[in-house]
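To start, the structure itself, in structure tokens.
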Amino acid sequence: MKPSIPKGTRDFTPQEMANRNYIFNTIKDVFRLYGFQQIETPAMENLSTLMGKYGEEGDKLLFKILNSGDFLSGVSDVELEERNSNRLTSKISEKGLRYDLTVPFARFVVQNRDKITFPFKRYQIQPVWRADRPQKGRYREFYQCDVDVVGSDSLINELELIQIVDEVYRRLNINVVVKINNRKILSGIAEIVGETERITDITVAIDKMDKIGLENVNKELFEKGISTEAIGKIQPILKLSGTNQEKLNQLKTILASSEIGLKGVEELEIIFNLCKSLKLQTTVELDLTLARGLNYYTGAIFEVKALDVEIGSITGGGRYDNLTGVFGMPGVSGVGISFGADRIHDVLNQLNLYPETSEEQTQILFVSFGEKELAYCLPWASELRKRGMNVEIYPEPVKMKKQMSYADSKKIPFVAIVGETEMKENKVMLKNMKTGEQKLVGIDEIPAP
RNA sequence: GUGGUUGUAGCUCAGUUGGUUAGAGCGUCGGAUUGUGGUUCCGAAGGUCGCGGGUUCGAGCCCCGUUUUCCACCCCA
């Protein structure tokens, strides 16, 4: 049979893993600088945990797991005849693969509330699955790197997340812009145009602003049944321009009659002012057309875009006031962001920004001419490993050409050649694979890593 | 979920209006070179042309179905 993997999934070669680990390690290092601690949750969750948290669309994209054993035993012929997939699903499947890391985290917080202290700062790097149709930069299995802090309303948390984004992308050498908005402002907008109920339709439409343009946004709003009058009132908001502060000032006037809208403006103002005291490399930009799909966000929302690559957002997140509420723990606010490791990988790839040498590389390979020489290499290798070097011994004394090619294909910088002469002198012939130079050396003359 | 696109050697791809035995480059293996890789030269292995059906004297090529890839929409990291 022809081997294959499910669509939208990928294998990772050693080279790709080295690159991915570079991303993960960079991100982890920065998370730890701010006191975030790692957790993991199971790949599968109970469907009751997952369903209804991501909107109607999200439910469709959940991978469901068939109950084990005779999963049809509890289903009547009538139910089978009905062919109602939704109803049948709940009978034959009670588990699903996680769709993101935030909802399982909310479940984790509620379930482990006795073991954690608030504010709780956690990070989590694990794959998530979506039954989406694969596309450019979109997979059915991909990794998210989430940082969240729950149990604190302070806007300092928002600020720290911006700092983390700034530092991660500084270390990765990717130029980005942080776009920020506030759900309360969007609610305010819906309020003043008199379409409070239609906030989702309005936000989904204006979110497409930079993609389809003003005219098409208006068209979509109209098609969604928003009144012409209301659309007219939204126009000045979509056309806002100037500095962040100028935009905020204009918003204060526009949203004067909306309490919630003004609250959102105030929150953003505080964040921008706090930003000024920091030396951020990244520009933080107020973008009123930023809406983000997930409807559990209630405060600040973020999105990070790479400036030099066309790829969509590579990081996103926001504040959610009551995510743990559905699990029976109301009043806990959280804010977090998620780094899209796979898209960051694509960006680094396109810009060729991966470091040339990886920590995972073998630094020295022992090659030998016979069984005796092979045995001679063992204590040498042990000693060098004790000194912290990554060392390999070619496990068979096959032809030199084969052993050298191996070193070459793995880009191992040094080869220690062992034959009779070397053994007699208690030395090895150390060859620098880049320059081709080689000399007879004792163990203490081998350069430290 | 909707529309389009793609599939030929391990990989990247040629393959004429349908016509004998389906090719190349890279990679792999062997040799030139019995203690030296990355360069060069020679040679070899490697294919149910995604799968199933149909049209035809004859199909890699045309038709139908199916699956896969990629792209757009919906949505999203």
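The values are calculated or read from the model by the stated rules, or taken from the named source; none is laboratory data. Keep in mind it's a predicted model, so treat the numbers as computed, not measured. Virtual Cβ from ideal backbone geometry, glycine too; neighbours counted across all protein chains shown. These area figures cover heavy atoms from the full protein model, side chains too; ligands, DNA and RNA do not enter into them. Shrake-Rupley method; radii C 1.70, N 1.55, O 1.52, S 1.80 Å.
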Residue by residue through segment A:1-42, note down the ones that are under 20 Å from residue A:140 (Cα atoms), surrounded by 17 or more Cβ atoms within 10 Å (Cβ to Cβ) and over 16 Å from the mean Cα position of the chain (by Cα). A:8
With segment A:388-449 as the region, which strands (runs of 3 or more DSSP E) entirely inside it contain at least 1 residues that are more than 18 Å from residue A:359 (Cα to Cα) and near RNA strand B (Cβ under 10 Å from one of its atoms)? A:414-418, A:428-432, A:438-441
Condition first: touching a residue at least 60 places away in the same chain (Cβ under 8 Å) and open to solvent by less than 30 Å² (accessible area, probe 1.4 Å). Now tell me which residues in segment A:230-272 satisfy that. A:251, A:255, A:258, A:261, A:264, A:265, A:267, A:268, A:271
If you take the residues in segment A:307-337 that are open to solvent by 20 Å² or more (accessible area, probe 1.4 Å) and under 17 Å from residue A:166 (Cα atoms), which one is nearest to RNA strand B (Cβ to nearest atom)? A:313
Only residues in segment A:166-185 that are closer than 13 Å to residue A:304 by Cβ and aromatic (Phe, Trp, Tyr) count as the first member; pair them with residues that are at pLDDT below 95 and surrounded by 22 or more Cβ atoms within 10 Å (Cβ to Cβ), Cβ under 8 angstrom, at least 6 apart or cross-chain, and list the lot. A:169/A:176; A:169/A:304
Go through (1) of a type outside the set (Ser, Thr, Tyr); (2) buried (at least 20 other Cβ atoms within 10 Å of the Cβ); (3) out of contact with any Lys or Arg (no Cβ under 9 Å at 6 or more places or on another chain); (4) closer than 20 Å to residue A:292 by Cα one by one and return the number of the condition residue A:168 breaks. (4)
Restricting the search to segment A:94-127, which residues are out of contact with any Asp or Glu (no Cβ under 8 Å at 6 or more places or on another chain) and hydroxyl-bearing (Ser, Thr, Tyr)? A:99, A:117
Return the pairs, sorted by first residue and then second, in which the second residue is among the acidic types (Asp, Glu), the first residue lies in segment A:13-29 and is modelled with pLDDT under 90, the beta carbons are less than 6 Å apart, and the residues are 6+ apart or on different chains. A:18/A:360
Only one residue in A:151, A:213 is over 23 Å from residue A:332 (Cβ atoms) and either open to solvent by 10 Å² or more (accessible area, probe 1.4 Å) or under 22 Å from the mean Cα position of the chain (by Cα) (or both). Which one? A:213
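Based on what the data block shows, is residue A:376 modelled with pLDDT under 95 and either near RNA strand B (Cβ under 9 Å from one of its atoms) or not in a loop (DSSP other than H, G, I, E, B) (or both)? I'd like the intermediate steps shown before the answer.
Details: modelled with pLDDT under 95: no; either near RNA strand B (Cβ under 9 Å from one of its atoms) or not in a loop (DSSP other than H, G, I, E, B) (or both): yes.
No.
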